[in-house]
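Contents: one structure, followed by commentary.
Rule-based calculations on the coordinates, nothing more; no lab input. Fair warning: this is a prediction, and the values are worked out from it, not measured in the lab. Cβ atoms come from the backbone with ideal geometry, glycine included; neighbour counts cover every protein chain shown.
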Amino acid sequence: MKVLITGVAGFIGFSLAKKFLEEGYSIYGLDNYDSYYSVKLKKMRVNKLKKFKKFKFYNLDISNFKKLDQQIKKINFHYVYHFAAQPGVRYSLINPKKYITVNIFGFQNLLRVLEKKKIKAIIYASSSSVYGDQKKFPVSEKSSLKAKNPYGLSKIMNEEMAEIYSKILKIPIIGLRLFTVYGEWGRPDMYIIKLLNCIYKKKVFELNNAGNHYRDFTHISDVVNVCQNFLICKNKNKHEIFNVCSGKTINLNLLTNKIKKIYPQAKIKNISANNADVYKTYGDKSFLLSRYKIKKFKDIKYGLKKTVEWFEEKKINKFL
Ligand SMILES: NC(=O)c1ccc[n+]([C@@H]2O[C@H](COP(=O)([O-])OP(=O)(O)OC[C@H]3O[C@@H](n4cnc5c(N)ncnc54)[C@H](O)[C@@H]3O)[C@@H](O)[C@H]2O)c1
């Protein structure tokens, strides 16, 4: 099996590539080592993948149609997992243009390039951010979409584009509305790794809205497991969207206290809410479970332990 993974130096792309390589698949990985967060960490991930013979890396920018087209032409693969993107809700209020260039035009470029290829399916990352602030929980795929920031809007556009291209390409395209993915090799701009990094660097961690937020934390091993299930695609040449979430929500203040129990030296400062943040994410995963055999999702106790162990063992703070 040959698989193209975009955003392979990133948290989710890397984690999936590693699992696939361990199982003997051939992986073509693409990334431009964007500097939104530590490039050292991204290179560490790719170097780990380069230890596998069946891994090939391409330093490519998906917003450059010509170069993307030239390279993709030369390789053959059966599946595409698209994770290359500009992530982060808060940064999307600072640099909205980048979300249009990378997330919207970049995805469109990839779909156009794939028009000329014979592939079985495309799986791409959407986000729980498409839901924005909701009143009724848990949110299902049928809930209304009301993005609260340019990042969420770029993901709504991706879903619209995927709907159009599933008819043009006549292959299954699957959108994953991912909910706060965390765990080993995670992103340093996100709450858990950011807090651990502050603790190790003896810096003050600024907690927005005094932690009065709720998040549906989804462990990376569950996301990888869900992604792998789509290799046995059951959705017959159409576009389908699934929530990928643990189906549990946790208060950030409570989680901060759990982390403070491990690290009593943690320095936390309460600051005001950020306009890009939603108050609560809490997803309904019953549609996904009704269609695919998915193992039980990990709880936060397990996921947090694994994340802390990884952070300490690899001394990740040195690379952030
Ligand atoms: N991590 C989460 O909690 C979460 C939640 C919802 C959705 N998502 C989505 O999942 C996908 C992967 O997220 P992640 O957490 O792994 O993020 P990440 O930033 O770790 O990975 C994205 C990768 O894309 C690469 N990239 C950025 N611009 C590029 C470009 N122009 N050309 C080629 N590569 C480029 C980056 O260098 C990075 O390695 C993204 O689409 C993100 O929006 C993530």
Practice task
DSSP loop (so not H, G, I, E, B), at most 15 other Cβ within 10 Å: list which chymotrypsin sites (Phe, Trp or Tyr not before Pro) in the range 220-320 pass both filters.
Solution key: Y279
Handout entry: Amide H contacts under 5 Å for I123, placed H, 5+ residues apart
Key = V80, Y81, H82, I174
Problem - Residue order, fewest to most surrounding Cβ atoms within 10 angstrom, among I199, I5, I122 - result: I199, I122, I5
Fill in the blank from the handout: Only helices counted: for the chain, with every DSSP H run of 4 or more residues adding -39500 (n - 2.57) and the sum spread over all residues, [θ] at 222 nm is -11000 deg cm²/dmol
Practice task
Pop the C-beta distance of K120 and N212 into the FRET formula with R0 = 56 Å and round what comes out to the nearest 0.05.
Solution key: 0.80
Exercise for the section: Could you tell me what fraction of 2.2 N^0.38 Å the Cα radius of gyration of the chain comes to, as a two-decimal ratio? Expected result: 0.96
Handout entry: the chain: angle of helix 252-262 to the longest principal axis, Cα-based, in degrees nearest 10
Key = 70
Problem - the range 232-320, Cα convex hull volume normalised per residue, Å³ - result: 190
Completion exercise
Going fewest to most other Cβ atoms within 10 Å around each Cβ, D277, D31 line up as D277, D31
Handout entry: FRET E, pair V39, K305, Förster distance 25 Å, beta-carbon r, rounded to 0.05
Key = 0.30
Completion exercise
Length-normalised contact order of the chain, Cα under 8 Å, at least 6 apart, in percent, tallies to 18
Completion exercise
For the range 153-167, in residue order, the Karplus 3J(HN,Hα) values (coefficients 6.51, -1.76, 1.60; θ = phi - 60°; whole Hz; Gly and Pro = x) are 5, 5, 6, 5, 4, 4, 5, 5, 5, 5, 4, 5, 6, 5, 7
Exercise for the section: List K48, K298 from most exposed to least, where exposure is judged by having the fewest other Cβ atoms within 10 Å. Expected result: K48, K298
Practice task
Take the Cβ-Cβ distance between K267 and Q70 as r, set R0 to 41 Å, and report the resulting FRET efficiency rounded to the nearest 0.05.
Solution key: 0.25
Fill in the blank from the handout: Quick calc, the range 163-320, dipole around Cα centre from Cβ unit charges on Lys, Arg (+) and Asp, Glu (-), nearest 20 debye, gives 280
Problem - the range 46-72 and the range 275-320: distance between their alpha carbon centers, rounded to Å - result: 27
Exercise for the section: In debye, nearest 20, what is the charge dipole magnitude of the chain about its Cα centre with +1 on Lys and Arg Cβ and -1 on Asp and Glu Cβ, if you could check? Expected result: 760
